[in-house]
1. What's the total number of residues in segment 214-239 that are more than 20 Å from GLY493 (Cβ to Cβ) and crowded, with 19+ Cβ neighbours inside 10 Å?
2. PHE311 - would you say it is within 18 Å of SER271 (Cα to Cα), open to solvent by less than 10 Å² (accessible area, probe 1.4 Å) and of a type in the set (Phe, Trp, Tyr)?
3. Here are ARG110, ARG118: which of them is within 27 Å of GLN483 (Cα to Cα), open to solvent by 10 Å² or more (accessible area, probe 1.4 Å) and not aromatic (Phe, Trp, Tyr)?
4. Given the criteria surrounded by 19 or more Cβ atoms within 10 Å (Cβ to Cβ), assigned to a loop (DSSP other than H, G, I, E, B) and among the hydroxyl-bearing types (Ser, Thr, Tyr), does SER153 qualify?
5. Right, PHE532: touching a residue at least 60 places away in the same chain (Cβ under 8 Å) and open to solvent by less than 10 Å² (accessible area, probe 1.4 Å) or not?
6. List every residue pair whose Cβ atoms lie under 7 Å apart, where the two residues are 6 or more positions apart in sequence or sit on different chains, the first residue falls within segment 576-605 and is open to solvent by 20 Å² or more (accessible area, probe 1.4 Å), and the second residue, located anywhere, is among the aromatic types (Phe, Trp, Tyr) and outside any helix (DSSP H, G or I).
7. Only helices (runs of 4 or more DSSP H) wholly contained in segment 560-632 count here; list those with 1 or more residues that are modelled with pLDDT of 95 or more.
8. Here are the criteria: (1) open to solvent by 30 Å² or more (accessible area, probe 1.4 Å); (2) in a loop (DSSP other than H, G, I, E, B); (3) under 14 Å from LEU362 (Cβ atoms). Tell me which single one GLU249 does not satisfy.
Amino acid sequence: MCGIAGIFHCSTPKPVDPSRVERMADALEHRGPDGSGVWTAPGVGLGHRRLSIIDLEGSPQPMHSVSERMVISFNGEIYNYRELRNELEGLGSTFRTDGDTEVILEAYERWGVECLKRLNGMFVFAIYDRKTRELFLARDRLGVKPLFMALLSDGSMAFASELKGLLAHPLLRRDADPLAIEDYLTWGYVPDHRSILKGVEKLPAGHFRLMKHDAPPAAPVRWWDVSFAERRKGTAADMSAELLHHLREGVNSRMVSDVPLGAFLSGGVDSSSVVALMAEASRNPVQTCSIGFDVAALDETAYAEQVATRFETDHRSRIVDPDDFSAIDRLAGIFDEPFADASALPTLRVCELARENVTVALSGDGADEAFAGYRRQLFHAREEQVRSFIPSGLRKSLLGGLGAIYPKADWAPRPLRAKSTLLSLAADGEEGYARALSVTPPELRDTLYSQDFLAERGDYRAEQAVMQMMRDAPARSGLDRAQYVDLKFWLQGDILTKVDRTSMAVGLEAREPLLDHRLIEFAATLPNKLRFKGTQGKWLLKHTMERYLPDDILYRQKQGFVLPIAQWLRGPLAGQARAIGSSARLGRSGWFDTKRLSQIAEAHISGRSDHSRLLWQLIMLDKSLAQLKIAG
């Protein structure tokens, strides 16, 4: 795993200062502590930071092709590089190294952009063609690896694996994008179609960009998508057998490494499935690690120990104080953009623990999105059934009216918290799921903003992107559309961002075998009845893994990394909550009604309301603005 950076002059190919590219790459040193390199030519410069995983000594970057025509800077892993190498050798290609980087170079020189469809892996790379003087930027299918880009005042495009790489360029302006604030307060992160800084873009997942000198920058081109429009036919037994084949291929292909390799083990279905298949394929004990909390309601280490014992792994666990919020300021620096998924804290801790013994760790991320493991997906499928029976006008007038007057009963038992359900049912399916996915609903957001900000935002609402994505999704059912959005929007913006930044912050490569694209494409064709049975999500995955895992692992209630944020903000972090209303940075931005922010904080601290997620968002926003040295 690595970090890449570069500069490309879109107009006249002016000289590129190597020291400027070097500073951009060095800002990403945490992603690649084992080596660095810079290459420049008229109009282009590529930088690289290397974390050595494959061919430890033989694949320095930026790397030239055998013909010297192509030059690459690459971040990621190509899991089928050996098969591709054999194919290319059969076609006459020769190789000087034993790694995957040179395979990409030779594949692009032979097949052009079509080479992307042959690559199985996680990747972002930049290839410069010295003959055609073109720059080729490409990102993997599901967006496991990130790429930030910005057009600068000197006519160049700068790009880097993280925003901090761009921040090292002196011409990058640090003006916040107000619409990114609307997005962030809605989702808890800044999604891939926007950045916290004006003028900064992210290359979308499954897209490439091909640029030439003396030509306007080309728009990104989509080269991969997942379709939920088809349905696989066959028995549950047949599909279970096919699923197991894909699971084994996903896990086995990601176990190739020249450095110590292990796995995260939470004790949940997904990570336990990965560990089970790793143990099946490995001659030696699998190295696993987990973290827990000294509060029984938050701790899953007993389940992790159960799985570790079952498969005789070399297991290590560490108990973390649930009041361990010492890394909050560090998180703001790790993510650059504001990021409010509080599970980033324990994710960072488990990455730190893993890095003590291994350089590569396999995770269970992606199964909830691919196999319908989120409760919101089931709720949406059921709400769509209700919508099909009740006319739209009646839903909006009756259920919408009830939802408007129903109290926001944070204190009540879950069955009595009907406000969100009523408002969701009153809306169309797309709007309803956007509400389910969001952190802060629109009616609450609007009370936080200043009048100037509301005027500047205009008609824009963050939910519009999700609603449009659902309308355009290649899908048959409401459940299809919900999963499509989770795979194409939520997964990239939240889950993969969290894992990439926290793992790379400690020089650890995280691999996601359950996001093998063949597995994802297979899962998208499953009949609804094999995704959910009753209230049980991920049914086919759980059924398939019954031969490996006990029922109390497979069928217990989903937990995840839960932190006592609400208690923190009424206790040791109450001072930070109160300070939100008087924050100089948020005040100078002009985005918020600061009196309203103070009211929100006091209502939470007193226990009258639960505004913990919103307050956490505001705290992380404040800290991110400080890190970025921007305000408004």
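The values are calculated or read from the model by the stated rules, or taken from the named source; none is laboratory data. Everything numeric in this text was worked out from a predicted model, so none of it was measured. Here Cβ is always computed from backbone atoms with ideal geometry, including for glycine, and neighbour counts include all displayed protein chains. Heads up: the accessible areas ignore ligands, DNA and RNA and are worked out on the full protein's heavy atoms, side chains in. Shrake-Rupley method; radii C 1.70, N 1.55, O 1.52, S 1.80 Å.
1. 1
2. Numbers: within 18 Å of SER271 (Cα to Cα): yes; open to solvent by less than 10 Å² (accessible area, probe 1.4 Å): no; of a type in the set (Phe, Trp, Tyr): yes.
No; evaluated as a whole, the condition is false for this residue.
3. Working: ARG110 fails: within 27 Å of GLN483 (Cα to Cα).
Result of the check over ARG110, ARG118: ARG118.
4. Working: surrounded by 19 or more Cβ atoms within 10 Å (Cβ to Cβ): no; assigned to a loop (DSSP other than H, G, I, E, B): yes; among the hydroxyl-bearing types (Ser, Thr, Tyr): yes.
Spelling it out, it is not the case that SER153 is surrounded by 19 or more Cβ atoms within 10 Å (Cβ to Cβ), assigned to a loop (DSSP other than H, G, I, E, B) and among the hydroxyl-bearing types (Ser, Thr, Tyr).
5. On the way: touching a residue at least 60 places away in the same chain (Cβ under 8 Å): yes; open to solvent by less than 10 Å² (accessible area, probe 1.4 Å): no.
Considered against the rule, which asks whether it is touching a residue at least 60 places away in the same chain (Cβ under 8 Å) and open to solvent by less than 10 Å² (accessible area, probe 1.4 Å), PHE532 comes out as no.
6. ASP593/TYR449
7. Working: elements: 565-570, 574-579, 584-589, 594-605, 612-628.
Answer list for segment 560-632: 594-605, 612-628.
8. If we test GLU249 against (1) open to solvent by 30 Å² or more (accessible area, probe 1.4 Å); (2) in a loop (DSSP other than H, G, I, E, B); (3) under 14 Å from LEU362 (Cβ atoms), just (2) comes out false.
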